[in-house]
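Reading through the structure tokens given below for one structure.
Derivation of every value follows stated rules applied to the coordinates shown; laboratory data play no part. Quick caveat: nothing in here was measured; it's all calculated off a predicted structure. Heads up, the Cβs are rebuilt from the backbone with ideal geometry, glycines too, and the neighbour counts pull from every protein chain shown.
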Amino acid sequence: MITGERKPLSEIKEMVAPFKKILVVGCGTCVAECASGGEKEVGLLASALRMDARMEGRKVDIKELTLDRQCVFEFIDQLTDLIDQYDAILSLGCGAGVQAVAEIFPEAVILPALNTTFIGETKEAGLWIENCRACGDCKLGVFAAVCPITRCAKGLFNGPCGGSKDGKCEADANTPCAWQLIIDRLDKRGQLDLLQKIYPPADWSRQQGKGPRKIHREDQEI
Ligand code: SF4
Ligand code: SF4
């Protein structure tokens, strides 16, 4: 999932200051899972902004709505009959959601309330960990489903750096050494021979320097 963290209230207040009618829009998918942009967080942010306005004697009308997904037209369409009623949309979607809404309503002011952070997993309650950098050439099949690009501090493809201690990364003693994990898993499976091959560095040209990446599948067209 995509993770995000809510911007500081002071920054959000500054963004919404020129507007009197604001719709706070959450997203019920990734950012709900990481407790930054779902229905609950929409309610908390809207309440904080209302309270703040009341304490400062400002009149603002703040409403709330959470879409199932903020990056898919079928769900964004729920805003079609509402958007003209507001001066600004304060989105708690990820960067993709904010931009998707803005593409559909280019005249509207769409403001980001989150800082989109990374692709990751929910490790435990209250803990999310990055585990993919969307390199476009997934090698989890040879690295025992441990991503060395994301989980090795040095992004090494051909074995450990030699600095790990007690199975932890030398760059952060609280983080498991990705290469220790890779080797242990491959060893258990009897697949250490996968590491005999020399793997070239990641080809970042797939990810960078060509503008936004696209996935186009004719079999999914209607
Ligand atoms: S190799 Fe790592 S960064 Fe690349 S797609 Fe796979 S998990 Fe993501
Ligand atoms: S200690 Fe392990 S995870 Fe950390 S940089 Fe070295 S090989 Fe990578």
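Just a few scattered comments:
- Which listed residue, of Thr80, Thr117, is more than 12 Å from Val25 (Cα to Cα) and either within 16 Å of ligand 1 (Cβ to nearest atom) or buried (at least 18 other Cβ atoms within 10 Å of the Cβ) (or both): Thr117
- Of the residues Ile129, Ile198, Ile183, Ile149, the single one that is in contact (Cβ under 8 Å) with a residue 12 or more places away in the chain and within 14 Å of ligand 1 (Cβ to nearest atom) is Ile149.
- Condition check for Cys94: within 12 Å of ligand 1 (Cβ to nearest atom) and surrounded by 15 or more Cβ atoms within 10 Å (Cβ to Cβ): no
- Reported count of residues in segment 160-217, each being hydroxyl-bearing (Ser, Thr, Tyr) and farther than 16 Å from Cys138 by Cα, is 2.
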